[in-house]
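The values are calculated or read from the model by the stated rules, or taken from the named source; none is laboratory data. Given the structure is predicted, the values throughout are model-derived calculations rather than measurements. Cβ atoms come from the backbone with ideal geometry, glycine included; neighbour counts cover every protein chain shown.
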Amino acid sequence: MTDGRRRVRVVPKGPILVEGPVDVQRPDGSVLHCDRFQVAVCACGFSATPPLCDASHRRRRPRKPTGTAEAADGD
C-alpha cells in the first residue's frame, strides 16, 4: 500500500489486526510504539497485556444462554 493507508481486519471472536508499524494510544493517553508488521489489538477485554491481544479469547469458555437449566445451576 503506497498511499499511507493501513489495513485493519476484524477477526470474528478474535482480535483486531492492524498492519504495522503503528502507534497505539492507550486510554490514559500514553502511546505504545509497535514496530511489528502486524499488531493484534484486543477486542474481547480479557487480555492481560491490553491493549494488545494475548489470545485470552481462545481460553474463554463460551457463555451459556440465559434461561436454560445449565445456566440456572450456577455453572
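Can you find a residue that is surrounded by 10 or more Cβ atoms within 10 Å (Cβ to Cβ) and either on the phi > 0 side of the Ramachandran plot or aromatic (Phe, Trp, Tyr) (or both) anywhere in the stretch 39-52? Yes, there is a match, as at least one residue in the stretch 39-52 is surrounded by 10 or more Cβ atoms within 10 Å (Cβ to Cβ) and either on the phi > 0 side of the Ramachandran plot or aromatic (Phe, Trp, Tyr) (or both). Scanning the stretch 1-46 for residues that are among the small types (Gly, Ala, Ser) and in contact with a strand residue (DSSP E or B) (Cβ under 9 Å, 6 or more places away or on another chain) yields 14, 20, 40, 43. Checked against (1) at pLDDT below 95; (2) in a loop (DSSP other than H, G, I, E, B), residue 29 passes all but a single condition, namely (1).
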